[in-house]
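Accompanying notes for the structure given below.
The values are calculated or read from the model by the stated rules, or taken from the named source; none is laboratory data. Please read all numbers here as calculations on a predicted model, not as lab measurements. Cβ placement follows ideal geometry from the backbone for every residue including glycine, while neighbour counts extend to all protein chains displayed. Accessible surface areas use protein heavy atoms only, side chains included; no ligands, DNA or RNA. Shrake-Rupley method; radii C 1.70, N 1.55, O 1.52, S 1.80 Å.
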Amino acid sequence: RAKTAGRDRFKVFSNRLLEHAVQLMTLENDMDTAMAEGQFFLNYQPIVQVDGEQKLFAFEALARWRHPERGIIPPSEFIAVAEETGQITDLGLWVLNEACQTMVHWRKTIPGAKDVYVSVNISGKQFAQADLIGKIRRILRRTGMPANRLKLEITETAIMQNAAQATNTLRMLKNLGITLAVDDFGTGYSSMSYLQKLPLDHLKIDLSFVQMLDAGPENVEIVKAIINLAHTLGLQVVAEGVERPEHQRTLLELGCEYFQGYLYSRPVSSQEAEQFIKTKDILPLAG
Ligand code: C2E
Ligand code: MG
Ligand code: MG
Ligand code: MG
């Protein structure tokens with residue numbers, strides 16, 4: 001009996017593995033097609049700067065996949081797969097190129113677009129990619145995007161996965177004039193002494209912390225500690241997942257400089273993002 005049960009368990013386990021492998025291969029194939037046929041596109045979510053007045057500081061470029069049968073697929077369903085298969089390096093360069101092209105177009109056609117940054121996510125594998133710097137430089141040169149309006153977001157986990165080369169890679173990016181952010185801060189395991197060595201500009205507090213703000217004063221203390229840590233290290237703070245006016249109010253009181261979340265806008269199409277720059281009409285003022 002015990003033996004049968006064990007075998008059954010093994011069967012379930014191996015079926016799952018097989019299922020995972022099949023899913024992975026299917027997605028991998030679909031993603032190759034998607035790249036070739038231009039099924040990926042970007043949404044843009046405003047990042048707002050608050051110092052006295054509220055103004056548009058940046059757009060974060062967020063990848064989306066328009067799948068012919070499945071409809072729009074969010075990054076939570078394909079970025080991790082693309083990491084696993086290695087396709088993220090091509091996809092990531094496509095995202096960077098597309099974001100730069102779009103921004104350059106806005107800079108040429110909309111007065112007032114010149115100060116706006118575009119912020120692009122870099123995955124762990126991409127961050128470790130050989131000649132990442134050369135590839136980024138080429139994209140900047142070809143698109144005409146100025147490095148000093150490009151921001152790159154690298155997760156705390158991706159930095160720690162590449163701890164040995166991280167300082168060096170970040171230093172080279174910084175030397176190009178690119179602004180650097182550690183993304184999803186608080187979900188990984190970096191130490192203060194390690195962070196202090198990295199040439200970062202911004203720290204993005206993970207949205208889980210922002211959304212905890214509702215749940216009680218201890219949580220406010222945690223967010224306060226993160227913001228103070230960032231400022232001690234000389235970093236400015238971006239809060240993601242700001243959904244309610246009270247979030248903004250509390251974060252502002254704690255010294256947070258930049259805000260991103262549904263309170264201001266969901267990620268939108270490039271056409272809608274363009275309207276934001278044109279009208280500057282972004283913000284239902286909180287407070
Ligand atoms: P992220 O870089 O931390 O991006 C912020 C995510 O939070 C976005 O999800 C955004 O839509 C969501 N968000 C923003 N404001 C709010 C809010 O007020 N409430 C809630 N509930 N969510 C909010 P999205 O677009 O689904 O992207 C998820 C993650 O996928 C990103 O997290 C990023 O890690 C990854 N990702 C997206 N595009 C790319 C890409 O081009 N390259 C790489 N490597 N990763 C990407
Ligand atoms: Mg990000
Ligand atoms: Mg983030
Ligand atoms: Mg996040």
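Of note:
- Residue 268 being among the aliphatic types (A, V, I, L, M), touching a Leu at 6+ places or on another chain (Cβ under 8 Å) and surrounded by 16 or more Cβ atoms within 10 Å (Cβ to Cβ): no
- Matching entry among 157, 169 (being modelled with pLDDT of 90 or more and within 16 Å of ligand 3 (Cβ to nearest atom)): 157
- Within the range 172-190, the set of residues being closer than 20 Å to residue 207 by Cα and either away from ligand 3 (no atom under 16 Å from the Cβ) or among the small types (Gly, Ala, Ser) (or both) comprises 181, 186, 188, 189, 190.
- Count of residues meeting criterion [more than 10 Å from ligand 1 (Cβ to nearest atom), small (Gly, Ala, Ser), assigned to a strand (DSSP E or B) and over 13 Å from residue 204 (Cβ atoms)] in the range 37-62: 0
- Boolean, residue 16 is surrounded by fewer than 18 Cβ atoms within 10 Å (Cβ to Cβ) and part of a strand (DSSP E or B): no
- Lone unmet requirement of (1) open to solvent by 50 Å² or more (accessible area, probe 1.4 Å); (2) in contact (Cβ under 8 Å) with a residue 12 or more places away in the chain; (3) closer than 19 Å to residue 269 by Cα for residue 172: (3)
- Consider the range 172-214 and keep the residues that are charged (D, E, K, R) and more than 15 Å from ligand 1 (Cβ to nearest atom). The one that is modelled with the lowest pLDDT is 197.
- Residue that is nearest to residue 184 (Cα to Cα), among those in the range 237-246 that are surrounded by fewer than 23 Cβ atoms within 10 Å (Cβ to Cβ) and within 15 Å of ligand 3 (Cβ to nearest atom): 241
- Leading residue by the ranking (nearest to ligand 2 (Cβ to nearest atom)) among those in the range 240-276 that are assigned to a helix (DSSP H, G or I) and of a type in the set (D, E, K, R): 272
- Considering (1) within 15 Å of ligand 2 (Cβ to nearest atom); (2) of a type in the set (Asp, Glu); (3) out of contact with any strand residue (DSSP E or B) (no Cβ under 7 Å at 6 or more places or on another chain), the lone condition that residue 206 does not fulfil carries the number (3).
- Residue, farthest from ligand 1 (Cβ to nearest atom), within the range 102-133, restricted to residues that are closer than 23 Å to residue 156 by Cα and of a type in the set (Gly, Ala, Ser): 130
- Cβ separations smaller than 6 Å between residues 6+ apart or across chains give the following pairs from the range 176-196 residues that are small (Gly, Ala, Ser) to residues that are away from ligand 3 (no atom under 12 Å from the Cβ) and open to solvent by 30 Å² or more (accessible area, probe 1.4 Å): 177/148; 188/160; 190/160.
- Any hit, the range 86-103, residues being of a type in the set (D, E, K, R), in a helix (DSSP H, G or I) and more than 16 Å from ligand 4 (Cβ to nearest atom): yes
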